Amino acid sequence: MMTGERQSGRMRIQYLQAMLNQDVGYFDIDTSTGEIVNSISTDTALVQDAISEKVRVFFNLMCNYVA
């Protein structure tokens, strides 16, 4: 669980930095603030859930294999 949260936090920071490096015209025409916030939240939540699930399954399988 912690791994997914850590990775999604890093992803949010990098995503925001990439958005802030865009040309000002990008924000005037192409997107709104709500779309950016929604995109960041949705994408990072999906990654967090996927990572958390994969790590849990990995440890579960490793414990079964060793035992």
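The values are calculated or read from the model by the stated rules, or taken from the named source; none is laboratory data. In this text the structure is predicted, and so the values were computed from the model without any measurement. Here the Cβ is made from the backbone with ideal geometry for all residues, glycine too, and neighbour counts use every protein chain on show.
Brief remarks follow.
- Segment 36-67, subset of a type in the set (Val, Ile, Thr) and surrounded by 13 or more Cβ atoms within 10 Å (Cβ to Cβ), residue farthest from GLY4 (Cα to Cα): ILE36
- If the condition is being part of a helix (DSSP H, G or I), surrounded by 10 or more Cβ atoms within 10 Å (Cβ to Cβ) and modelled with pLDDT of 75 or more, then segment 22-35 contributes only GLU35.
- Test: residue in segment 13-21 that is surrounded by 12 or more Cβ atoms within 10 Å (Cβ to Cβ), part of a helix (DSSP H, G or I), aromatic (Phe, Trp, Tyr) and within 14 Å of the chain's Cα centre (by Cα): yes
- Hits in segment 43-60 - residues which are within 12 Å of GLY9 (Cα to Cα), touching a Ser or Thr at 6+ places or on another chain (Cβ under 8 Å) and of a type outside the set (Ser, Thr, Tyr): ALA45, VAL47, GLN48
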